[in-house]
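The values are calculated or read from the model by the stated rules, or taken from the named source; none is laboratory data. Predicted model, so just to flag it, every value in this text is computed and none were measured. Using ideal geometry, Cβ is built from the backbone for each residue, glycine included, and neighbour counts are taken over all protein chains shown. Just so you know, the surface numbers come from the protein's heavy atoms only, side chains and all, with ligands and any DNA or RNA stripped out. Shrake-Rupley method; radii C 1.70, N 1.55, O 1.52, S 1.80 Å.
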Amino acid sequence: MLGILMKSWRVGIVTRNQQAKNRKFGRSWHIRHVDCGSCNGCDWEMNALLNPIYDLQRYGLDFVASPRHADILMVTGSVTKHLQVALKKTFDATPAPKIVIALGDCASNGGIFKDSYATLGGVDKVIPVSIKIPGCPPSPQEILDVLLAQLQKKVV
Amino acid sequence: MAAKEPDLIQLLLQEFSQQTKFMGAKAGNEYYLEVSKEALPEVSSYLVKHLRASLATMIGNDERSINGSFRLYYYFAVEYEEIFIVLTSAINPVEPAFPSITPLVPSAQWYEREVQDMFGLKPVGHPDPRRLVLHHDWPQGTHPLRKDFNLDSLEKLPSSDYPFGEIDGTGPFYVPVGPIHAGIIEPGHFRFSVAGETILNLEARLFYAHRGVEKLAEGGSLEAGLNLAERVCGTCAFSHSVSFCQAIERAANVQIPERALFVRTILLEMERLYNHIGDVGNICAGVGLALGTSHGNRIKEAILQLNQDLTGSRFLRGINAMGGLKKDISDQQLAALKTKLEQLAGDFTDLAEILLEHDSLIQRLRGTGRLSLVAVEDLGVVGPSARASGCIKDWRKVFPHGVYGQLEFEVAGETSGDVLARLKVRVNEVKTSFDLIFQLVSQIPAGAIVQPVGELVPYQAALGWSESARGNNLHWVMIGPGNNIFRYRIRSASYCNWPAVPLAVQGDIIPDFPLINKSFELCYACTDR
Ligand code: SF4
């Protein structure tokens, strides 16, 4: 037990300081991740947002376990034929108003896999996309910047 | 070609003088034996049972444009000789079938099902001939890796149901999970048959993330192939790129400069570090121990940032080249790396100490998700998952690549085969990785970083490999005309290990599934490709 306390004390605060300018309190977004055929690079960068360095929850953002609880679908990967139905169903299960973010080159336009027999291309081939975040993969900081910028905009 | 074949080959040729013919050695240690397809099961089983070889990968190839046939290549690794014995058989397109070796060599099960999907070659006698890579809604007769496969016929897939195995009796019921999961995880469908909370049976239906990577590479340049290799899997990107480059380098018979080999080895260890440390954290997430998760992910993030500083990519993309490296890492950078890693090594030691003394954590992990040594050997499980069950094999030792042959290290191993054992193996491997990087940084020679690979002769092929955080990743490349890729086969570590997960969870309870799954930490992207 003492070890745990000492460890936390010694490490101190590691969170990267970020100013959420004009952050409007009372605004909170819940994000549901959908992997529709990524190489998992984008997924891991999204996952990194939960680590203590980026700590996305302090901005009122969080990942949720079901599309029914989500305001945002964050989709990674070029849509594979095997996942197009799941992607469409997840979209339909998300209550309106909803935003779809295509994360990474693959989700944005099919990326390196777009000409394959097994993929359809970017996410907008299957569901409407509001925001595209390019990169292969975009870094956690880049993803966070886009999310924070969006938070300050008007309600969808 | 080697001056003299190992005695093993002689023995094999004597034993099967009627059915086999020696075709020579390629890439130094790949010994090709032409086998009549009828004799495949018998010879394979002899290799495994009498010569202690293990099936490393299997490749199907459409060589009708070269010699009129399909061809199968079964790569058996003979670790104590550091060689591969390749059983190869021509399959006449008029009769697209071959006797399955799976009843005798169970680790062939997925390979043969995949060959059936992708080439339309039927493994006769396979105990589970259902589709594997292509889901059931693909039209009959579509075999994407045949050279005459037509993309246009495939705009829409009708949907149909997959025939899951069934459990009889009153009481048991099904719990379907996925393909979209609750966390930030990759897609796969799990069908649990449970009685109360206890898992009677689990069937995993995978290949949702099948992107057709192997086909995409065909006809493209080697450089384009390397780009794809780096995108087979995000978190093993470097290992996959090493395996691809090594396949080309072995086919071309080029010697890579020593400095490049050192840098590659350092980066392979960096990749292992961030994966293993993140996984230690994620195992804690599986039991709700937030402290372990936070520190695991904090240290992992620090290593990803070091990767970015060293190579410009958090996932170590864009630095490997065929024949060496695209860019060097300076000695100053390496010295700075060492200083930072020393601190992180201290942090990790603290964390590991806390975790391994944490009673309630240990109680959740001990005995959970047990995988037996027999299952490991039968299924051909690789990497930390195999080493935690007493199969102490590490391709850094048995098939040294990079400069592992010159380094001093012990291979970690445990015997209990449970989640705790898999955690301990990772903890020990992390310590080894830190130590290896310190050795490498202090010994790295100056010099060139790349030896250009010239034009390759068409239809040359070779295997490349590397030991990633999940086990060995094997890539096989056959060059075609114009220095383009004719066939690219990727066999990832996770591909070997997935079939073990359903065995490990039997008798455990559903709430422990995420924990057990995390302890294997298998990747879907590189399994599905
Ligand atoms: S954009 Fe790059 S990192 Fe993201 S899924 Fe595609 S290949 Fe992977």
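Points worth noting:
- Filter pass, B:I362 being of a type in the set (V, I, T), more than 16 Å from the ligand (Cβ to nearest atom) and buried (at least 17 other Cβ atoms within 10 Å of the Cβ): no
- Candidates B:G24, B:G28, B:G60: the one that is more than 23 Å from B:A108 (Cα to Cα) and open to solvent by less than 10 Å² (accessible area, probe 1.4 Å) is B:G24.
- Check on B:R298, within 16 Å of the ligand (Cβ to nearest atom) and buried (at least 17 other Cβ atoms within 10 Å of the Cβ): no
- Selection count, the stretch A:68-83, where residues are more than 8 Å from chain B (Cβ to nearest Cβ) and either over 24 Å from B:H135 (Cβ atoms) or more than 13 Å from the ligand (Cβ to nearest atom) (or both): 7
- Remark: pairs (first residue in the stretch B:260-286, more than 26 Å from A:L50 (Cβ to Cβ); second residue open to solvent by 10 Å² or more (accessible area, probe 1.4 Å); Cβ separation under 6 Å; 6+ apart in sequence or on different chains) = B:A260/B:I449; B:L261/B:G402; B:F262/B:I444; B:R264/B:G402; B:T265/B:G402.
- Residue match in the stretch B:416-437 (condition: open to solvent by less than 20 Å² (accessible area, probe 1.4 Å), aromatic (F, W, Y) and modelled with pLDDT under 95): no
- Residues located in the stretch A:34-54, provided they are more than 27 Å from A:V85 (Cα to Cα) and either within 13 Å of the ligand (Cβ to nearest atom) or buried (at least 17 other Cβ atoms within 10 Å of the Cβ) (or both): A:A48, A:L49, A:L50, A:N51, A:I53, A:Y54
- Unique match (being under 23 Å from A:N40 (Cα atoms), of a type outside the set (A, V, I, L, M, F, W, C) and touching a residue at least 60 places away in the same chain (Cβ under 8 Å)) among B:S239, B:S221: B:S239
- Residue within the stretch B:225-234 that is touching a strand residue (DSSP E or B) at 6+ places or on another chain (Cβ under 7 Å), within 10 Å of chain A (Cβ to nearest Cβ) and farther than 27 Å from B:A446 by Cβ present: yes
- B:Y488 being over 30 Å from B:T339 (Cβ atoms) and modelled with pLDDT of 95 or more: yes
- Checking every residue in the stretch A:87-104 against the condition of being within 12 Å of the ligand (Cβ to nearest atom), closer than 19 Å to B:A237 by Cβ and either touching a residue at least 12 places away in the same chain (Cβ under 8 Å) or open to solvent by less than 10 Å² (accessible area, probe 1.4 Å) (or both) gives at least one match.
- The stretch B:211-236, subset of a type in the set (A, V, I, L, M), touching a Ser or Thr at 6+ places or on another chain (Cβ under 8 Å) and part of a helix (DSSP H, G or I), residue most open to solvent (accessible area, probe 1.4 Å): B:L216
- When B:G318 is tested against (1) within 25 Å of the chain's Cα centre (by Cα); (2) surrounded by fewer than 20 Cβ atoms within 10 Å (Cβ to Cβ); (3) away from every other protein chain (no Cβ under 12 Å); (4) not acidic (D, E), only condition (3) is not met.
- Residue tally, condition touching a His at 6+ places or on another chain (Cβ under 6 Å) and either within 22 Å of B:L273 (Cβ to Cβ) or not assigned by TED's automatic domain parsing to the domain that holds B:V381 (or both), over the stretch B:468-503: 2
- Qualifying residue in the stretch B:196-206 (condition: within 12 Å of chain A (Cβ to nearest Cβ) and either surrounded by 14 or more Cβ atoms within 10 Å (Cβ to Cβ) or at positive phi (or both)): yes
- Whether a residue is out of contact with any Lys or Arg (no Cβ under 7 Å at 6 or more places or on another chain), more than 14 Å from chain A (Cβ to nearest Cβ) and open to solvent by less than 10 Å² (accessible area, probe 1.4 Å) was assessed, and B:E271 does not pass this test.
- Applying a threshold of 7 Å to beta carbon distances and a minimum spacing of six or more residues, or different chains, the list of pairs starting in the stretch A:25-49 at a residue that is touching a residue at least 60 places away in the same chain (Cβ under 8 Å) and ending at one that is near the ligand (Cβ under 10 Å from one of its atoms) and aromatic (F, W, Y) reads A:G41/B:F315.
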